[in-house]
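Engineer: Below is a structure I'd like to ask you about.
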Amino acid sequence: MIIDANDLPETEVLSADICIVGAGAVGIAMALDLIGSGLEVLLLEAGGFDREEDTQSLYVGQVADVAMHSPPDTYRERRLGGSTTTWGGRSMPFDPIDFEKRDYIAHSGWPISRADLDPFYPEANRISEAGRFAYTIETAFDHPRKAMIEGFASDNFTTNTLERFSCPTDFGRRYRHKLEAAANIRVLLHANVVHIALDSLGGRVDRLQIATLKGRRLTVRAGHVVLANGGLEATRLLLASRDVQDRGIGNQHDLVGRFYMCHVAGTIGAIQFNRSVWNGYDIADEGTYCRRRLALRPEAQRSHGVGNVIGRLHHPRITDPAHRNGVLSLLYLARMFIPYEYGKRLHGGVDVDFPTRLRHLRNVLTDIPDTVAFMLHLLRDRRLAERKFPSIVIRSKAHLYSLDFHAEQEPNPASRVSLTTETDALGLPRLMIDWRYTDRDIATVSTMLALLAGDIARSGVGRFDYAPDSVEQEMTRYGAYGGHHIGTTRMGATAREGVVDANCTVHGLANLHIAAASVFPTSSQANPTLTVIAMGLRLARHLKDRAARPLSARSPEGALS
């Protein structure tokens, strides 16, 4: 059943065994897993079915440095399906090393291991529609594939790991019918949680206070509450709910909002190959697009004391017509028609002189067949296809590429999210985001680039030229890699080490849980979506197991305590 909070009377008190706050990827995945469980589930969504600007404006906040982080109302969507309504679909699991305590990465170490999530990753893959849980060439394909870089040999890098791509699936559109049909699931739209009210002792969530932009005020009481409304919003709610715990819920050790991570990413250098190179997508039997990366091996990470990082072969800088590619030159010449944020990353904010523009025009005119073919490919495989071609991938006739890197951030307590004195239309304090990086982050990217340049040269497959002193500039050119809101309610074995425990339960609050990337103590090299869905499914299993306990094992307050 799906209902609108604006259609309910203000005297309404809604009750459920489990209340999930946020109907994005994680909230919907958990609700799907709880269908038929015998538990009454209430799924709260702050938006409606479509984007609404007044609702979206509730995300507006401040950033300490506009060059380092996008405004907080970008990269997030307040509607059914959440940010899956606009995501790119890139999916991959975290690596085992990401969960380890690493002496060279400050504040690293999870209270769980990769093995604890392994049972839930395949289902996360299925719900995301990213194909099978198979993330190497050897396991994903039953026949040999062409080498990523012919003749490349390295003790530092692998070239056989994959990233997979969802359709990309809009979870709201894809699973709406299942949520409507489920007898034990109620979805409440336009239901903004504005306060988490604890009992007088501060040991349990007593109720949630709900508000709508049309003036409705409602109450929700639930045996268990799960915050699945994204890392930034979960953090904001904890910090703003401070009537019983005056520093905010779960913040007795000043951890809520700290250790804020995204990823550091950028494009650098020029790789001139003299061998055959495959930088495109492999298509798995079920039709899923897969792409290989240059991944720094765990052994190399440990021996050099750096974080997890991968590289992808990327088209050469668009602004330089030496790539001799009509498609890239067309993308440059048409830059005024490309949205600002994407255009800034695509073109590097660089304009070129008139003679250089003429060289771009010559590329287009001498490469008309390939350019037309590419445009038809985008129309057919990107615009019209249900499973969309993931990104612009160009094969260079000059065998010239740049390197696109995506790296783990070191947890840094000075990188943080906090509240401002300004409030939104519902009275909730707005956020201030102060994202920072560390010297270790620079070292991770710098070391990876140096190792790759050496291995390319030693293998005799080409030459990788880049300016070592430009690494920090390139990795911060556009600031934090948007949309990955990690670490601000980190997981730890004790309340002094984290906000939640190994089961995503807030320390000291048996019925409050967080299912967002904010619980990750470290960020990995991987996009967080698949792992946070797996974490949500693991939490759903935990709650179902607690419900199945005999009455003698339950707390006096209720069946799910």
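Computed from the coordinates by the stated procedures, all read-outs in this text should not be read as laboratory data. Everything quoted here is computed from the prediction, not taken from an experiment. Heads up, the Cβs are rebuilt from the backbone with ideal geometry, glycines too, and the neighbour counts pull from every protein chain shown.
Engineer: Rounded to the nearest 500 deg cm²/dmol, what is the calculated helix-only ellipticity per residue at 222 nm for the chain, with -39500 (n - 2.57) per DSSP H run of length n ≥ 4?
Structural biologist: My calculation for the chain gives -7500 deg cm²/dmol from helical runs alone.
Engineer: Grab the eigenvalues of the alpha-carbon gyration tensor for the stretch 445-554, scale each by 5, take roots, and send me the semi-axes largest first in whole angstrom.
Structural biologist: Semi-axes (√(5λ), whole Å): 43, 16, 12.
Engineer: Give me the log10 of I(q) over I(0) for the chain at q = 0.06, 0.11, 0.13 Å⁻¹, as the Debye formula computes it from C-alpha points; what are the numbers?
Structural biologist: Listed by q, the Debye log ratios stand at -0.31, -1.01, -1.36.
Engineer: Let me ask another. Go through 92-100, 240-248, 438-446 and give me the packing order, highest mean Cβ count within 10 Å leading.
Structural biologist: 92-100, 438-446, 240-248
Engineer: Additional query: Ranked highest first by the average count of other Cβ atoms within 10 Å around their residues, in what order do 108-116, 28-36 fall?
Structural biologist: Output ranking for 108-116, 28-36: 28-36, 108-116.
Engineer: Another question about this same structure. Considering only the chain, what is the antiparallel percent among its DSSP beta bridges, to the nearest 5?
Structural biologist: Antiparallel bridges: around 65 percent, rounded to the nearest 5.
Engineer: Quick one: length gained pulling V244 to D65 fully straight, 0.36 nm per residue minus the C-alpha distance?
Structural biologist: Value of the extension gain: 61.2 nm.
Engineer: To continue, here is another question. Along the charge dipole of the chain, pointing to its positive end and built from +1/-1 on Cβ of Lys, Arg, Asp and Glu, which listed residue (A46, I127, G287) has its Cα farthest out?
Structural biologist: The residue sitting most towards the positive pole is G287.
Engineer: If you plug each phi of the stretch 488-503 into the Karplus form 6.51 cos²θ - 1.76 cosθ + 1.60 with θ = phi - 60°, what whole-Hz ³J(HN,Hα) values come out, in order, with x for Gly and Pro?
Structural biologist: 7, 10, 4, 7, x, 5, 10, 5, 6, 9, x, 8, 10, 8, 5, 9
Engineer: Using the Karplus curve 6.51 cos²θ - 1.76 cosθ + 1.60 with θ = phi - 60°, what ³J(HN,Hα) values do you get for each residue of the stretch 37-50, in whole Hz, with x for Gly and Pro?
Structural biologist: Rounded to whole hertz, the list is 7, x, 9, 7, 10, 10, 10, 9, 10, 6, x, x, 7, 10.
Engineer: Mind ordering 1-9, 302-310 by average Cβ neighbours within 10 Å, highest first?
Structural biologist: Per-residue mean Cβ counts within 10 Å order the peptides as 302-310, 1-9.
Engineer: Mind checking which of H323, L14, Y478 is farthest towards the positive end of the chain's charge dipole, using Cβ charges of +1 (Lys, Arg) and -1 (Asp, Glu) about the Cα centre?
Structural biologist: Ranked along the dipole, the leading option is H323.
Engineer: So, one more: Amide H to amide H, which residues 5 or more places from L419 or on other chains are under 5 Å from it, using H placed in the peptide plane?
Structural biologist: So L419 has HN proximity to M432.
Engineer: Follow-up question, since we're still on this one. Using 0.36 nm times the number of residues separating E150 and T219, minus their current alpha carbon distance, what extension gain do you get?
Structural biologist: 18.6 nm
Engineer: Could I ask something else about it? At q = 0.19 Å⁻¹, work out log10 I(q)/I(0) for the stretch 128-271 with the Debye formula, treating every Cα as an identical point scatterer and leaving solvent out; two decimals please.
Structural biologist: Scattering profile of the stretch 128-271, log10 relative to I(0): -1.24.
Engineer: What fraction of the Cα pairs in the stretch 55-161, stated in percent, has a spacing above 17 angstrom?
Structural biologist: I get 74 percent for the Cα pairs in the stretch 55-161 exceeding 17 Å.
Engineer: Which whole-number percentage describes the relative contact order of the chain, with Cα contacts under 8 Å and a sequence gap of 6 or more?
Structural biologist: Relative contact order comes out at 24 percent.
Engineer: Could I ask something else about it? Can you give the FRET efficiency to the nearest 0.05 for T136 and S303, using r as the Cβ-Cβ distance and R₀ = 22 Å?
Structural biologist: My answer for the efficiency is 0.50.
Engineer: May I ask you to compute the full-extension gain from D116 to L201, defined as 0.36 nm times their residue separation minus their alpha-carbon distance, rounded to one decimal in nm?
Structural biologist: Length difference between fully extended and current span is 27.3 nm.
Engineer: Over the stretch 101-201, with a single point scatterer placed on each C-alpha, what log10 of the ratio I(q)/I(0) does the Debye formula yield at q = 0.12, 0.13, 0.19 1/Å?
Structural biologist: With no solvent term, the Cα-only Debye profile gives -0.80, -0.89, -1.17.
Engineer: So for the pair T159, S391, with labels modelled 7 Å out along Cα→Cβ, what separation do we get in nm?
Structural biologist: Label at T159, label at S391, 1.8 nm between them.
Engineer: Shifting gears a bit: Leaving out same-chain residues fewer than 8 places away, which aspartates and glutamates sit with a Cα under 14 Å from that of K146?
Structural biologist: E138, D282
Engineer: Skipping prolines and chain starts, which residues have an amide H placed within reach, meaning under 5 Å, of the one on H315, given they are 5 or more residues away or on another chain?
Structural biologist: The list, which skips near neighbours in sequence, is I394, S402.
Engineer: If amide hydrogens are placed 1.01 Å from N in the peptide plane, which non-local residues have theirs closer than 5 Å to the one on G462?
Structural biologist: Here N274 satisfy the definition.
Engineer: I've got another one for you. Got a sec to turn the phi values of the stretch 74-87 into Karplus ³J(HN,Hα) couplings, 6.51 cos²θ - 1.76 cosθ + 1.60 with θ = phi - 60°, whole Hz, x for Gly and Pro?
Structural biologist: Each residue's phi maps through the Karplus curve to give 9, 6, 9, 10, 9, 6, 4, x, x, 6, 5, 6, 9, 6 Hz.
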